[in-house]
1. So which residues in segment 133-160 are among the acidic types (Asp, Glu) and crowded, with 20+ Cβ neighbours inside 10 Å, if there are any at all?
2. From the residues in segment 81-138 that are assigned to a loop (DSSP other than H, G, I, E, B) and of a type in the set (Val, Ile, Thr), which one is farthest from residue 39 (Cα to Cα)?
3. When you go through 174, 190 one by one, which is the residue that is closer than 28 Å to residue 95 by Cβ and either at pLDDT 95 or above or in contact with a helix residue (DSSP H, G or I) (Cβ under 9 Å, 6 or more places away or on another chain) (or both)?
4. State which residue is farthest from residue 151 (Cα to Cα) when the search covers only segment 161-182 and only residues that are of a type in the set (Ser, Thr, Tyr) and surrounded by fewer than 21 Cβ atoms within 10 Å (Cβ to Cβ).
5. Please work out if residue 130 is hydrophobic (A, V, I, L, M, F, W, C), touching a strand residue (DSSP E or B) at 6+ places or on another chain (Cβ under 6 Å) and buried (at least 16 other Cβ atoms within 10 Å of the Cβ).
6. Every residue in segment 183-203 that is surrounded by fewer than 24 Cβ atoms within 10 Å (Cβ to Cβ) and either charged (D, E, K, R) or not in a loop (DSSP other than H, G, I, E, B) (or both), please.
7. List every residue pair whose Cβ atoms lie under 6 Å apart, where the two residues are 6 or more positions apart in sequence or sit on different chains, the first residue falls within segment 26-42 and is among the polar types (S, T, N, Q), and the second residue, located anywhere, is assigned to a loop (DSSP other than H, G, I, E, B).
Amino acid sequence: MKFGVIIFPGSNCDHDAYWAIQHVAKQPVTFLWHESHELENCDAVIVPGGFSYGDYLRTGAIAKFSPVMESVRKFAAGGGLVLGICNGFQILCESRLLPGALMRNVGLKYVCKPVQVRVENVDTPFTNACERGQVLTIPIGHMEGNYFCDAATLEELRRENRIVFRYCLPSGEISAAANPNGSLQNIAGICSNGGNVLGMMPHPERSAEPELGGTDGVKILQSMVAALVTR
C-alpha cells in the first residue's frame with residue numbers, strides 16, 4: 001500500500017497530508033511533482049490544499065493542465081482512489097473528475113475555523129470507518145468553498161447518494177446557521193459516480209492528532225487504508 005501527495009507551486013498543505021499519512025495512518029507515502037506524469041505505483045493519491053499556481057485565473061484552473069493531473073485522471077478512470085482536500089477539491093472540479101464548481105464564499109471573506117460536518121454516505125472508500133449521521137469536527141480554511149451545481153446535477157448527486165458530507169450544527173441539524181460559505185444544500189464534500197474520487201473542503205489532515213485540537217479527520221484516513229486493504 002502506498003499513498004502519493006501531489007506538490008503544486010503554491011501548495012501549503014502537502015507536507016501536512018504527508019505527515020498524517022506517514023505518522024498517523026502509518027503508511028508508506030511519497031510526494032508527486034506537478035510536472036511529472038509518474039504516479040510511482042501509488043494506490044491512492046491526495047490532491048492537497050493550498051493555492052496551486054497562485055490561484056491565478058481562478059482556483060484550480062491552471063493546475064488542471066499540469067502533467068500530473070493527466071495521470072490522475074487516468075488513475076481515477078481505472079478505479080484508483082483520489083482524495084481532493086480544499087484546493088484539491090477545486091482542482092478535481094476544474095479537471096471534471098467531480099461535477100460543479102467552488103465559488104467565492106458568501107460575504108467574500110476568507111473563513112478559517114473548525115466546523116461540524118455530518119456524514120451522509122458511509123458506503124465510500126473514504127467514510128467506511130464512520131457511521132451514517134455521525135458529526136465530525138474538522139477545520140476549514142478557504143476563500144472559495146461555496147459549492148454550486150445546476151439543478152440536474154444536484155438531483156443526480158442526491159439520487160446516487162454522492163453527497164458525502166454536509167455542514168451541520170453540533171447536534172447534526174442541517175441549517176443555514178451551520179453553513180460557513182453559502183454552499184448549496186450545505187454541501188461540504190461529494191464523490192464521483194464510481195465512489196473512488198472524493199472532494200471535500202474541510203481538512204482532515206488538520207484534525208488528525210490531539211495536538212491539533214481533535215482527531216476526527218483520522219476517520220477519513222482509516223477508511224482509505226481499510227478500503228485499500230480489501231482491494
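The values are calculated or read from the model by the stated rules, or taken from the named source; none is laboratory data. Keep in mind that this is a model prediction, so the values were computed, not measured. We place every Cβ from the backbone using ideal geometry, glycine too, and count neighbours over all the protein chains shown.
1. Once the filter is applied, which keeps residues that are among the acidic types (Asp, Glu) and crowded, with 20+ Cβ neighbours inside 10 Å, segment 133-160 yields only 144.
2. 106
3. Numbers: 174 fails: closer than 28 Å to residue 95 by Cβ.
Exactly one of 174, 190 is closer than 28 Å to residue 95 by Cβ and either at pLDDT 95 or above or in contact with a helix residue (DSSP H, G or I) (Cβ under 9 Å, 6 or more places away or on another chain) (or both), namely 190.
4. Kept after step one, since they are of a type in the set (Ser, Thr, Tyr), are these residues of segment 161-182: 167, 171, 175.
Remaining after also requiring surrounded by fewer than 21 Cβ atoms within 10 Å (Cβ to Cβ): 171, 175.
Details: 171: 28, 175: 20 Å.
So, considering only residues that are of a type in the set (Ser, Thr, Tyr) and surrounded by fewer than 21 Cβ atoms within 10 Å (Cβ to Cβ), the one farthest from residue 151 (Cα to Cα) is 171.
5. On the way: hydrophobic (A, V, I, L, M, F, W, C): yes; touching a strand residue (DSSP E or B) at 6+ places or on another chain (Cβ under 6 Å): yes; buried (at least 16 other Cβ atoms within 10 Å of the Cβ): yes.
Answer is yes for this residue.
6. Within segment 183-203, 184, 185, 186 qualify.
7. Sorted first by the residue in segment 26-42, then by its partner, the pairs are 27/1; 30/40.
Residue by residue, here is whether (1) among the β-branched types (Val, Ile, Thr); (2) closer than 23 Å to residue 47 by Cα holds:
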| residue | (1), (2) |
| --- | --- |
| 139 | no, yes |
| 151 | no, no |
| 165 | no, yes |
| 168 | no, no |
| 184 | no, yes |
| 218 | yes, yes |
| 224 | no, yes |
